[in-house]
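Enquirer: After the structure tokens below, expect a handful of questions from me.
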Amino acid sequence: MLLNIKNLHVEIDGKEIIRGLNLGVNYGEVHAIMGPNGSGKSTLAAAITGKEGYEITKGEIWYKEKDIMEMPPEERANEGIFLSFQYPVEIPGVSMANFMRTAINSQREFRGQPPIPAGELLKLIEEKKRLVDIHDKLTNRSVNEGFSGGEKKKNEIFQMALLDPTLGILDETDSGLDIDALKVVARGVNQLRSDNNAFVIITHYQRLLEYIQPDFVHVLFDGQIVKSGGKSLAFELEAKGYEWIKEEKLV
Amino acid sequence: MKNETVIQNQALDELLIELFNKEKELLTTNDIEKVTQHRNEAMASFKQTGFPNSSMEQWRHTDLEDLLDEQFNYQLRPSKADGDIEEMFKCEVHNFNTEIISMLNGWHFSKNGQLHTYPNGMVMGSINAAMKAYPDLFNKYYGEIADYTSNGFVSINTALAQDGVFIWVPDGVEVEKTMQIIKMIDLEENLFVQSRNLIILGENSKLSLMHCDDSINQATSLINTVTEVYVGKGAKLEVYKLQNLNDNSALINSTFIKQEADSNVRTNTLTFNCGLIRNNIHVRLDGSGAHADVLGLYLMDKEQHVDNQIRIDHNVAQCTSNELFKGILDDEASAVFNGYIHVARDAQKTNAYQNNKNILLKPTATINTMPFLEIYADDVKCSHGATVGQLDQEAMFYIRQRGVSEANARLLLMYAFAADIIENISIEPLRERIDTMVKKRLRGELSICEKCVLHCGAPEKEYHFDIDYSKI
């Protein structure tokens, strides 16, 4: 199993957000995690990637058969975990090209590889730009600075394509996207999908799931996965809303 | 205790006054009459004021007591030059074509005479030698804008200074090469240096200048520099100040700039290392259409202290000014920024912008930032801003999530913070060099032992991020 989360409990500022969550992800699978606002979706992403301030009080996170809970974020990233941020951060003064070169070379160093030759990097960047329909000189601009909402999300997928992770986590990548950008994001993910990686797609709506076919859909509610199923569960949620889950849970 | 300190301070004051009286003949050897007159008046003023102390508003956050407690040597004659001194000043900046003027322990040093006239008409050399050669220029300009009545350091400099740099760019002369002043301190004993510069740009002339202050060893030095800069109509001047001295040194730098109509001045003060630095920059915009960019970057750590006092006088209508100072402070380092913009009653259509941004890496680092705008005209645009912050934690996580180590993520963000000051350096090889220096400084690898800051003789280490502006 690529990712195995057992009975996870996560607190922020002493408040428990994730309350006994279990999730198993195998190579080659795409899992969708759906749920209403405040159910703990983004907290789950933060806990897996090692963001400071998210305290795991109970439970385990295993990734590639390793306990990653004490690993710093960069080590998890170097092990192949990538997070597409819900709110990509603007970093004025750092060019996209330099940022990506730094990231790629950090990951290569971790794997004992020499830095990427400039020509190879250039080729890779051009190739991945095409994948996500980036036409302008995005790479000479500062990271996310002055990018539109759609550009920022496309930029996340662009970075994911460059870094080629084993586990890609997409945190509400679809929010605020028009249909064209949504298709571009989905195309990026679909092209990256293989038997050697897996994706966890966190979303509020099933819209993205029309373009990225999930193998499993989980409903996160109040810090726990309360329902799991196949693709059809997403459509059911879309049709009925989250209310019936709440009611079902209360019964 | 307090009384003792005061007595010792007075002792240094008195020592210098005594020196002035005793060595007057030597001090005035090369003077023209006006310069001697300024010496006498400045000394009279110094007797009144003495050195500044922290009870004065403008010195409130810069404590000089310990510094003035030190025992200093005073060189009334130039150091004897060693055989390899030429080598010491040799600048190795690749592709960087500079004309170097060297000062060792406050004294002009050159094999080719004290004053040199270039084929294009520019004159550069020792201020000492220039006085008798160009008495008209000295009568017109010397001591005219460096006000010594209110600042003890300017008055003691005016009274005692024996050497420094003189540059005259005649009307219409555009100097292609960058001029580089390298001031080096190399003495095993504590040294007090008075350095005096006069720079005159004629109408529609052009000059770019680098002014490097360096020290070679770890001895304490107190360098008190006064620079007067006159920028004629339509003239263009760029000045880069590189300050890289040891932790025991103090640099008191007072720069006075007077700009005529349609002139354009850019100063960029880059503070890399020094125990205590005080930069006074006073720009007078005296002709309409004049523009000044006053920029600075300070990267301080340990117990270093930097104090930037910037004053811009908008004396006439339709002038513009732009101030941007950025600093990164680590450990117990402290900084002061005092930005004073004065807009005179008739200075309509003034456009003045001021900003000071700081990053404090540790809670023990401190910054005092004080914008101060005094505006007497009604049709002006003035803005100011000051920020103090830590490294953006969201950005830190974002970068680390991509696989970059915490240390490199910090470097990347610190470098990014400094980037817009570096991007403003228009001379490309210099920008690249300073870029490298900033990276080295941020990685803690910049050594003051490198003879000149620009030598950068230490082998460059491999590093993970390589900022480059090429078209990748």
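Enquirer: Can you give me the number of residues within the stretch A:31-76 that are under 17 Å from A:T166 (Cα atoms) and more than 14 Å from chain B (Cβ to nearest Cβ)?
Expert: Number of matching residues: 9.
Enquirer: Could you look through the stretch A:203-213, keep only residues that are part of a loop (DSSP other than H, G, I, E, B) and of a type outside the set (F, W, Y), and pick out the one that is surrounded by the fewest Cβ atoms within 10 Å (Cβ to Cβ)?
Expert: Residues of the stretch A:203-213 that are part of a loop (DSSP other than H, G, I, E, B), as a first pass: A:204-206, A:211-213.
Next, only the ones that are of a type outside the set (F, W, Y) stay: A:204, A:206, A:212-213.
Details: A:H204: 17, A:Q206: 20, A:I212: 22, A:Q213: 12.
The qualifying residue surrounded by the fewest Cβ atoms within 10 Å (Cβ to Cβ) is A:Q213.
Enquirer: Another question, then. Hey, can you tell me all the residues within the stretch A:97-106 that are under 22 Å from A:F199 (Cα atoms) and facing another protein chain (nearest Cβ under 7 Å)? Break it down into steps so the answer makes sense when it comes.
Expert: So the first thing to find is which residues in the stretch A:97-106 are under 22 Å from A:F199 (Cα atoms), and the list is A:100, A:103-104.
Across the stretch A:97-106, the qualifying residue is only A:A103.
Enquirer: Quick one: what pairs do we get from the stretch B:163-174, first residue in contact (Cβ under 8 Å) with a residue 24 or more places away in the chain and within 13 Å of B:G234 (Cα to Cα), second basic (K, R) and assigned to a strand (DSSP E or B), C-beta under 7 Å, 6+ apart or different chains?
Expert: The qualifying pairs are B:E174/B:K206.
Enquirer: Inside the stretch A:77-96, can you point out the residues that are among the hydrophobic types (A, V, I, L, M, F, W, C) and at the interface with another protein chain (Cβ under 7 Å from one of its Cβ atoms)?
Expert: Matches in the stretch A:77-96: A:A77, A:L83, A:F85, A:V89, A:I91, A:V94.
Enquirer: Counting only residues that are of a type outside the set (D, E) and outside any strand (DSSP E or B), which one in the stretch B:252-274 is nearest to B:I427 (Cα to Cα)? Don't jump to the end; show me each part of the working.
Expert: Quick first cut of the stretch B:252-274, residues of a type outside the set (D, E) only: B:252-259, B:261, B:263-274.
Add one more test, that the residue is outside any strand (DSSP E or B), and what stays is B:261, B:263, B:274.
On the way: B:A261: 24, B:S263: 19, B:C274: 25 Å.
Top of the filtered list is B:S263.
Enquirer: I need a count of the residues in the stretch A:142-151 that are surrounded by fewer than 22 Cβ atoms within 10 Å (Cβ to Cβ), of a type outside the set (S, T, N, Q) and within 12 Å of another protein chain (Cβ to nearest Cβ). Walk me through it before giving the result.
Expert: Residues of the stretch A:142-151 that are surrounded by fewer than 22 Cβ atoms within 10 Å (Cβ to Cβ), as a first pass: A:142, A:145-151.
If we keep only those that are of a type outside the set (S, T, N, Q) too, we end up with A:145-147, A:149-151.
From the residues that got through so far, the ones that are within 12 Å of another protein chain (Cβ to nearest Cβ) too are A:145.
So the answer is 1.
Enquirer: Among the residues of the stretch A:214-223, is any out of contact with any Phe, Trp or Tyr (no Cβ under 7 Å at 6 or more places or on another chain), assigned to a helix (DSSP H, G or I) and farther than 28 Å from B:R402 by Cα?
Expert: Taking the stretch A:214-223 and keeping what is out of contact with any Phe, Trp or Tyr (no Cβ under 7 Å at 6 or more places or on another chain), we get A:214-223.
From what's left, assigned to a helix (DSSP H, G or I): none.
Scanning the stretch A:214-223 turns up no residue that is out of contact with any Phe, Trp or Tyr (no Cβ under 7 Å at 6 or more places or on another chain), assigned to a helix (DSSP H, G or I) and farther than 28 Å from B:R402 by Cα.
Enquirer: Looking at the stretch B:223-234, is at least one residue closer than 28 Å to B:V35 by Cβ, of a type in the set (D, E, K, R) and buried (at least 20 other Cβ atoms within 10 Å of the Cβ)?
Expert: Checked against the condition, which is being closer than 28 Å to B:V35 by Cβ, of a type in the set (D, E, K, R) and buried (at least 20 other Cβ atoms within 10 Å of the Cβ), the stretch B:223-234 yields at least one hit.
Enquirer: May I ask you to say which residue of A:K137, A:K123 is at pLDDT 90 or above, within 12 Å of another protein chain (Cβ to nearest Cβ) and surrounded by 11 or more Cβ atoms within 10 Å (Cβ to Cβ)? Quick ask: steps written out before the conclusion?
Expert: On the way: A:K137 fails: at pLDDT 90 or above.
A:K123 is the lone residue from the list that is at pLDDT 90 or above, within 12 Å of another protein chain (Cβ to nearest Cβ) and surrounded by 11 or more Cβ atoms within 10 Å (Cβ to Cβ).
Enquirer: Now for a different question. Scan the stretch B:357-372 and tell me whether some residue there is touching a residue at least 60 places away in the same chain (Cβ under 8 Å) and farther than 30 Å from A:Y54 by Cα.
Expert: Yes - at least one qualifying residue is present in the stretch B:357-372.
Enquirer: Continuing with the same structure: For the stretch A:100-134, which positions are under 24 Å from A:R76 (Cβ atoms) and part of a loop (DSSP other than H, G, I, E, B)?
Expert: A:R111, A:G112, A:Q113, A:P114, A:P115, A:I116, A:V132
Enquirer: I'd like to verify a number: residues in the stretch A:72-96 that are assigned to a helix (DSSP H, G or I) and modelled with pLDDT of 95 or more, how many? Give the derivation first.
Expert: Of all residues in the stretch A:72-96, those assigned to a helix (DSSP H, G or I) come to A:73-78, A:96.
This time we only want the ones that are modelled with pLDDT of 95 or more, so: A:73-78.
Qualifying residue count, the stretch A:72-96: 6.
Enquirer: Follow-up question, since we're still on this one. Have a look at B:R402, B:R443 and point out the one that is within 23 Å of A:P115 (Cβ to Cβ), touching a Phe, Trp or Tyr at 6+ places or on another chain (Cβ under 8 Å), in contact (Cβ under 8 Å) with a residue 24 or more places away in the chain and not assigned by TED's automatic domain parsing to the domain that holds B:C274.
Expert: Details: B:R402 fails: in contact (Cβ under 8 Å) with a residue 24 or more places away in the chain.
Among B:R402, B:R443, only B:R443 is within 23 Å of A:P115 (Cβ to Cβ), touching a Phe, Trp or Tyr at 6+ places or on another chain (Cβ under 8 Å), in contact (Cβ under 8 Å) with a residue 24 or more places away in the chain and not assigned by TED's automatic domain parsing to the domain that holds B:C274.
Listed here are the residues, each with its yes/no results for (1) charged (D, E, K, R); (2) assigned to a helix (DSSP H, G or I).
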position: A:D136; (1), (2): yes, no
position: A:K153; (1), (2): yes, yes
position: A:N196; (1), (2): no, no
position: A:I201; (1), (2): no, no
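Enquirer: Within 14 Å of chain B (Cβ to nearest Cβ) and either in a helix (DSSP H, G or I) or touching a residue at least 24 places away in the same chain (Cβ under 8 Å) (or both): is that true of A:G28 in this structure?
Expert: Values: within 14 Å of chain B (Cβ to nearest Cβ): no; either in a helix (DSSP H, G or I) or touching a residue at least 24 places away in the same chain (Cβ under 8 Å) (or both): yes.
So A:G28 fails the test.
Enquirer: Ok, one more. Tell me which of these B:L242 doesn't satisfy, since it passes every other one: (1) modelled with pLDDT of 95 or more; (2) in the same structural domain as B:N53 (by TED's automatic domain parsing).
Expert: (1)
Enquirer: Listed residues B:A386, B:A418; which is more than 7 Å from chain A (Cβ to nearest Cβ), surrounded by fewer than 21 Cβ atoms within 10 Å (Cβ to Cβ) and in contact with a Lys or Arg (Cβ under 8 Å, 6 or more places away or on another chain)?
Expert: Numbers: B:A418 fails: surrounded by fewer than 21 Cβ atoms within 10 Å (Cβ to Cβ).
So the residue among B:A386, B:A418 that is more than 7 Å from chain A (Cβ to nearest Cβ), surrounded by fewer than 21 Cβ atoms within 10 Å (Cβ to Cβ) and in contact with a Lys or Arg (Cβ under 8 Å, 6 or more places away or on another chain) is B:A386.
The values are calculated or read from the model by the stated rules, or taken from the named source; none is laboratory data. Keep in mind that this is a model prediction, so the values were computed, not measured. Don't worry about glycine lacking a Cβ; one is built from the backbone with ideal geometry, like all the others, and counts go over all protein chains shown.
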